[in-house]
Structure formats: structure tokens, C-alpha cells
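Have a look at the structure below, then the notes.
The values are calculated or read from the model by the stated rules, or taken from the named source; none is laboratory data. Fair warning: this is a prediction, and the values are worked out from it, not measured in the lab. Here the Cβ positions follow ideal geometry from the backbone for every residue, glycine too, while neighbour counts run over all protein chains shown.
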Amino acid sequence: MKNKMPIEKKKKILRYARRTGIVVLTLLVSLVIALYCIMLVLAKGPSPTARDLFVRSVMETSAAKFLARMYFSEDEINEILNTGGDEGIQSDPGLIQIPEKNDGKRPPFGTFETAGPGGEETGGTTPDPGPTEDDTVEVIDIKGPTYDGKMILVHDPARVKVGLLPAYGDGYSGKTLREFIAETGALGGINAGGFYDPNGGGSGAIPDGIVIRDGKIAWGSAGSTYRCVIGFDANHVMHVGNMTGQAALDAGIVDGLSFSTGPVLIVNGVPETTKRKLGGGLNPRTAIGQCADGTVLLLVINGRQANSIGATYDDLCAIMAEYGAVNAANLDGGSSSLMIYKGETLTTSSYLFGERKLPDTFLIMP
């Protein structure tokens, strides 16, 4: 016959369980109230800068847009997000002069102003790191007041390829960056364009803009206008701009894509921040640029971490200008942002479930 637990002991256990439950519930409620109050101060407090940063940061996510909508109407949100003034942008390929003969040596580097950990000008020059295993590719650390990340400088632009899916649309699936790299034999790469992603559950196979493969439109249409188009022509010159599909083909883009959110960062050597504030919240970021000698700049900024909250569009523009980009554009960020090189994941993904499935990538070939 089994021993039965004394009634008094059962009552004592139940009392402890109830008390523990009340304490846990009280802590959770207190935490929710504290978070709500913090967001209320950010949203409705005396600082318009903090308000705008809060709205832009959460509205750039797939799942947290509701936080801004708790405090603001759609008209108020749109007014905060709208920076305007980027119509009719298109780069001039004649400003990029790629050496006819690539002898495998890194072109002269070190003439650009460098910045300290807080982004302040130091007045120095980028030091020559000396011989490397692969002298046409450099990997450098990027640091700022609210972020850290990595930049890959590919001095031979012929090595940068656009990684695309075989087909796009419903019923298809995107690929992770690692899968793109493995299937193409690339050494590494970064994520690229955006995609339809309702509540963070997109398949990665429905791009949010145009896709060009082998000089033909693989997704989108010739008559539609697309924001933040990025692509390479047959001479490995990168084009950026807001243009129709036909204009992209007429410009000679062989392989390319777009990111509908944008923005274009630098056009024809002029940072867009000299005309207006680009805005954006503090989030993980990915961007691409090209210098006058053809060097391609691949940039990924970590975000949503204790040691790296993230960067704004203005931050990206400043970084690209610092490293000599003649043309540069923002790519898909957030949980899609990722950089892999030679089998090593160089940046930290903010995606909770590993790596996101993507519609396209920029790859570094052997």
C-alpha cells in the first residue's frame, strides 16, 4: 500500500506554489509596465530625435512594427519615415576606371581619412596591412559609437558576382547565404535584396523589387520604376539608382537586383547626406559600394546586440564615403544581414532561427 502525502504537507506545497506564481506574475507585469513606460518616454517624450529613432528602428523590423502603432497613427508614422528627395538618381559609369590589366596585386590603398572608435576624424591614413594570403581581398573591422561590423574590400571587381535563385515566385524557396556560397563555389559573400516577408515568415523567393539575370528581367517588369537598383555591367562597373526596369537594361546591367526600401547612399561621388538626412533607425545593416578604381566594398553592421545596437543610413553613408566609394547603396538589413568569408561567419545574425532564406546575394568568387 502506497504512502499518502500528509494533507498538511500538500497544503504547504500549494501555498509555496501560489506564492511563487504571484511573485513571478508580479515581476512580469512590472517588466511589461516598465518597458511600456520606457517606450512611452521615447515616443511621446521631449526629444523628437529619440522619437524618430524609435519609430524608424521598429518600423524597419518584420515583427515589431506594432510598437510604433501603439503610440502613433499611420499618418504620423509616414511623416516620420518620409525623408523624400531621392527621385531621379542614377550613377554615371564613366566615373569608375578599372585597370585594364589585373596583375593580382592590390592597388594603392591608404589615402582615405580614418575614423576613431567614436567616428571622429583622426586625420591619419589607413595603414598598409602588408602581404596577405589573397592580396585582392581585405577584411577590416568597422566600429562606431553604436555599432561594430566588418567590411570586405574586393580590389578585383570581376570577382564579385550576383547570386540569384533559379526561379522566383510562389511555390519556390530562397536559399541561405551559406547555401549560395556552397552551390557556386564562392569564397564568401553578403545578403543583398529584400523580399516579401509578412510577419517575418517569408520564403525568400518573392523579391520586393526587380531582379536581372544575364541582361534579362527575371523578376519585375520593364515599365515599372524601382527604388535602389544595384547591378553590374559587363565591364564589372556597379550601377546604382532609382530607375525603371528598361532603364536598368539600357544602362547595361547584366546581373542586378533592388531593395525597395533603399536608400541609395552615394551617387557619382556625392553622399546623399549632403542633400538631406537619410534617417533610418539603429538596426543591423548591409550595404555595397564601389570605388573609382573598381574596388567593391561589402559592408555588414551587427545590430540588436548589447555591444552593437546597430547603425542608421547616415552611418552607412559616412562609412562608405570614408573608404572612397563613388557609388553606394543600402541593402536588406535586420535579420537578413550576414557576412561569411572562407567558411567563417564574420558577423552575428540577429535572426533567432539560424540563417534567413534569401532571394539573392553578392558573392566573392575565387
Hits in the range 328-351 (condition: touching a helix residue (DSSP H, G or I) at 6+ places or on another chain (Cβ under 8 Å) and farther than 18 Å from Gly194 by Cα): Ile340
Count - residues of the range 196-211 that are hydrophobic (A, V, I, L, M, F, W, C) and either buried (at least 23 other Cβ atoms within 10 Å of the Cβ) or not in a loop (DSSP other than H, G, I, E, B) (or both): 2
Matching entry among Ile98, Ile181 (being among the β-branched types (Val, Ile, Thr) and either closer than 27 Å to Phe353 by Cα or at pLDDT 95 or above (or both)): Ile181
Tell me, which strands (runs of 3 or more DSSP E) wholly within the range 212-268 include 2 or more residues that are crowded, with 22+ Cβ neighbours inside 10 Å, among the aliphatic types (A, V, I, L, M) and at pLDDT 95 or above? 225-233, 238-244, 253-258, 264-267
Filter result for Tyr351 (surrounded by fewer than 24 Cβ atoms within 10 Å (Cβ to Cβ), in the same structural domain as Glu272 (by TED's automatic domain parsing), under 26 Å from Ser173 (Cβ atoms) and not small (Gly, Ala, Ser)): yes
Please work out which one of (1) outside any loop (DSSP other than H, G, I, E, B); (2) touching an Asp or Glu at 6+ places or on another chain (Cβ under 6 Å); (3) not acidic (Asp, Glu) is the condition Gly193 fails and give its number. (1)
Test: residue in the range 119-133 that is buried (at least 19 other Cβ atoms within 10 Å of the Cβ) and either modelled with pLDDT under 95 or in contact with a strand residue (DSSP E or B) (Cβ under 9 Å, 6 or more places away or on another chain) (or both): no
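Evaluate the following for Glu322: is it closer than 26 Å to Ser173 by Cβ and acidic (Asp, Glu)?
Values: closer than 26 Å to Ser173 by Cβ: no; acidic (Asp, Glu): yes.
So Glu322 does not fit the description; no.
Gly294 - would you say it is assigned by TED's automatic domain parsing to the domain that holds His155 and either buried (at least 24 other Cβ atoms within 10 Å of the Cβ) or modelled with pLDDT under 95 (or both)?
No; evaluated as a whole, the condition is false for this residue.
Can you work out which of the residues in the range 315-330 that are touching a Lys or Arg at 6+ places or on another chain (Cβ under 8 Å) and within 23 Å of Gly209 (Cα to Cα) is surrounded by the most Cβ atoms within 10 Å (Cβ to Cβ)?
Taking the range 315-330 and keeping what is touching a Lys or Arg at 6+ places or on another chain (Cβ under 8 Å), we get 315-316, 330.
Applying the additional criterion that residues be within 23 Å of Gly209 (Cα to Cα) yields 316, 330.
Working: Leu316: 29, Asn330: 25.
Top of the filtered list is Leu316.
Test Thr312 against the criterion of being more than 19 Å from Ile230 (Cα to Cα), at pLDDT 95 or above, over 15 Å from the mean Cα position of the chain (by Cα) and β-branched (Val, Ile, Thr), and give yes or no. Give the steps one after another, and end with the answer.
Values: more than 19 Å from Ile230 (Cα to Cα): yes; at pLDDT 95 or above: yes; over 15 Å from the mean Cα position of the chain (by Cα): no; β-branched (Val, Ile, Thr): yes.
The answer is no for Thr312.
With respect to Phe362, is the statement that it is surrounded by 21 or more Cβ atoms within 10 Å (Cβ to Cβ) and either part of a strand (DSSP E or B) or without any contact (Cβ under 8 Å) to a residue 12 or more places away in the chain (or both) true? Let's see the steps before the verdict.
Working: surrounded by 21 or more Cβ atoms within 10 Å (Cβ to Cβ): yes; either part of a strand (DSSP E or B) or without any contact (Cβ under 8 Å) to a residue 12 or more places away in the chain (or both): yes.
In short, yes.
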